[in-house]
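Each remark here refers to the structure printed beneath this line.
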Amino acid sequence: MTNNLYVYNTLTRKKERFEPIKPPFVGLYACGPTVYGDAHLGHARQAITFDVLYRYLLSLEYKVRYVRNITDVGHLENDADEGEDKIQKKAQLESLEPMEVVQYYMNRYRLNMHALNVLDPSIEPRASGHIIEQQELIELIMEAGYAYEVNGSVYFDVNAYNAKHPYGQLSGRKVEDLLSNTRSLDGQSEKRNPVDFSLWKKADPAHIMRWSSKWSEGYPGWHLECSAMSTKYLGKQFDIHGGGMDLLFPHHECEIAQNVAGYGKPSVRYWMHNNMITINGQKMGRSLGNFITLDELFEGKHLMLEQAYGPMVIRFFILQAHYRSTLDFSNEALQASEKGLNRLLNAVATLAGIQVSDKSTMDVKALADRCTKAMEDDMNTAMLMGHLLSGITQINKLAEGKETITTEDLEKLVSLYHSWAFSVLGLQLPETSGKASEITGDLIEMILQLRTAAKSNRDFETADRIRNELTNLGITIKDRKDGAVWEIN
C-alpha cells in the first residue's frame, strides 16, 4: 500500500511520512476521558481529531485497530502523586459507589460522542479492568532497576532512568531543570526525588478503590494504565499514540519512560497531539472552571452562550482549524461555523439537481487533488474545508447554468463531497429525513407557487413580502430563468 500521508511527530518535532510497522495493519491509541464529570468542548476537540485520523486511515484502506482508554482509577487531583482520587472524591460527594460514577459519566460521554458522530473505537479498555497487567509492568520496571518500593508504594526512579535514557525527550524538558524548578521534599515525601512518579500507591484507610498486590493494598498510578493497555492490545511496538497537548507532560513523558524501562525499547512510532481550545486566550478546562459542557452547548444553557449549537456545528467549528493550532471559543466563531456548515450542506443538496452537459468547464480533478494534498499534509482539515467551501462557488454556477459538467465529472464531484465531508470529516446531514421533511419541502414549494402567481399578476408587494418572510425563517430564495429554487440557511 502506498500513500503520501505526512504527520507531525511530537517526538522528533518534524513532519514524517507515515509508514506503519506492519502494513496494512495500523495500531492507533488515543487517551480517552477520566470519567468523573460531563464532557466539555476540550474533550470534543481531542475526540474529533483522532476520529478524523481514524476515518482517514480507513479511507486509505488500512486495517486500523483503534484503542481509546477510559481512566476510572488512579487519576489524582492536579495530576499529582498525592491527594484524592478524582472519581472517589465525586463518589463521596454524591454518596455513590465509584463505579456508579464511572458508569454514569461514561454513558453520558458516549452519548455526546455519538451526537458528534465520533466513531466507536475498536477497543475501549478501562484501567480498573487491567490491574494485573499494570502490576506485571511494575515488576518488569523494578527488575530492570528503575523503580523502588517505600512503605508499600512503588515509585519510578527518574534519575536512574535518565542516567541511561533521556527523560524529557518528548516535551523537551531536562531533569536538571525540573529539579531546579521543584521545591525540596524536606523529608515530607517517600520519593527519593521530587520528579519521581508513582507506579503503585498504598491506599490509606479511607481509600475505597484498592486492589491487592505484593507491595500493599493499593491502586496504580495514573501514567501506568496507558503503557499497560496500549501494549496489551497493540503490541510492544505500535504506530500512533495521541492525545491533547496537556497530556504531553507529564503523562506521555512518563509513558515513554515506563515502556523503555519495562520493555527495553520505545513502544510508539509517532506521537501526535492536538492543541487546546481557549477562552479569551486561556486554556479551557475543568480544573480552571472555565469550561462549557457539550450538553450546555447543545442546549444553549450557559451564561457565555448566545444560543444553542448543534453537534455538527461544534464539529465544523473544531475542524475549521488545524488540529495543532489553538482554537479560541466565541459565539461569533460558532455562528460563523453554523453558516459555513449550512452552506456546505446546501451545496451537497444542490448537486442532486444539476443538469449534465456533453462537456465540463469545471476542473473536478484539480479540486480533488487539492483536497487530497490538504489531508496528506498532516491532516490539514482547515485547508480541506477551505477547498470544499471554495468549490461551492462553482457548484452554484453549475446550478445556474453558468458552467457545465459531464455526467462522469458530476459523479466524481458528488463522490468527492460525500467522501471528504461525510466519510472523512464525519459531518452529517441534519436529521430532517422522513415524512416531516417531505411536508416541509412541499409547504415551501406551495408558498413559492403563490409567490410566482403574485409576480405573474404583477403583485410585486406580495411577492416581496413572501420572499422576506421566508428569508426571516432562514430560507433563501434564488430566482432563475426556469423558476425559483430555495435552500435552508
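A short reminder: the numbers here are calculations on the coordinates, not readings from a lab. Just so it is clear, the model here is predicted, and its values are computed rather than measured. When we count neighbours, we look across all protein chains shown, and the Cβ atoms used for this are built from the backbone with ideal geometry, even at glycine.
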Inset, instruction - Using amide H atoms built 1.01 Å from N in the peptide plane, name the residues 5+ places from Tyr8, or on other chains, whose amide H lies under 5 Å from its own. - result: Glu16
Legend entry - In range of the label at Asn280: residues from the stretch 307-343 whose backbone nitrogen is under 16 Å from the point 7 Å along Cα→Cβ: 328-332
Inset, instruction - Search the structure for amide H atoms under 5 Å from the amide H of Val150, placed 1.01 Å from N in the peptide plane, and list their residues when 5 or more places away or on another chain. - result: Tyr155
Legend entry - Length gained when the stretch Thr406-Ser171 is fully extended (0.36 nm per residue, less Cα-Cα span): 79.3 nm
Legend entry - Most positive-pole-ward Cα, Asn117, Gln103, Leu410, against dipole of the chain from beta carbon charges: Leu410
Legend entry - Within the stretch 20-274, percent of DSSP bridges classed antiparallel, to nearest 5: 40 percent
Legend entry - For the stretch 174-287: span of alpha carbons on each principal axis (Å, largest first): 39, 39, 32
Legend entry - For the chain, share of DSSP beta bridges that run antiparallel, in % to the nearest 5: 55 percent
Inset, instruction - List every residue whose amide H lies under 5 Å from the amide H of Ala39, counting only residues 5 or more places away in sequence or on a different chain, with H placed 1.01 Å from N in the peptide plane. - result: Leu294
Inset, instruction - Can you tell me the FRET efficiency between Ser189 and Ala366 if r is taken as the Cβ-Cβ distance and R0 is 45 Å, rounded to the nearest 0.05? - result: 0.10
Legend entry - Extension gain (nm, one decimal) between Ser59 and Glu445, 0.36 nm per residue minus Cα-Cα: 135.1 nm
Inset, instruction - Can you give me the P(r) profile for the chain? Cα pairs, bins 10 angstrom wide beginning at 0, each as a whole percent. - result: 4, 17, 25, 23, 15, 8, 6, 3, 1, 0
Inset, instruction - Quote to one decimal, in nm, the extra length available between Ser212 and Ala349 on full extension: 0.36 nm per residue of separation minus the C-alpha distance between them. - result: 43.4 nm
Legend entry - Rh by Kirkwood over Cα pairs, then Stokes-Einstein D for the stretch 14-114 at 1.306 mPa s and 10 °C, µm²/s: 102 µm²/s
Legend entry - Spacing of the two label points (7 Å from each Cα toward its C-beta) at Asp479 and Gln428, in nm: 3.9 nm
Inset, instruction - Run through all the Cα pairs of the stretch 20-274 and give the fraction in each 10 Å bin from 0, expressed as whole percent. - result: 7, 31, 36, 21, 5, 0
Inset, instruction - Calculate the dipole size of the chain relative to its Cα centre from +1 charges on Lys and Arg beta carbons and -1 charges on Asp and Glu beta carbons; express the result in debye to the nearest 20. - result: 1040 debye
Inset, instruction - Using only Cα atoms, find the angle between the long axis of helix 331-351 and the longest principal axis of the chain, and express it within 0 to 90 degrees, rounded to the nearest 10. - result: 50 degrees
Inset, instruction - Quick one: plug the Kirkwood hydrodynamic radius of the stretch 279-424 (C-alpha pairs) into Stokes-Einstein at 20 °C, 1.002 mPa s, and report D in µm²/s. - result: 127 µm²/s
Legend entry - C-alpha long axis of helix 364-376 to longest principal axis of the chain, angle in °: 20 degrees
Inset, instruction - Sort Phe329, Phe197 so the one with the fewest other Cβ atoms within 10 Å of its own Cβ comes first. - result: Phe329, Phe197
Inset, instruction - Determine the relative contact order of the stretch 36-166: mean sequence separation of Cα pairs under 8 Å and six or more apart, normalised by residue count, in whole percent. - result: 27 percent
Inset, instruction - Restricting to the stretch 1-79, compute how many DSSP beta bridges are antiparallel as a %, nearest 5. - result: 40 percent
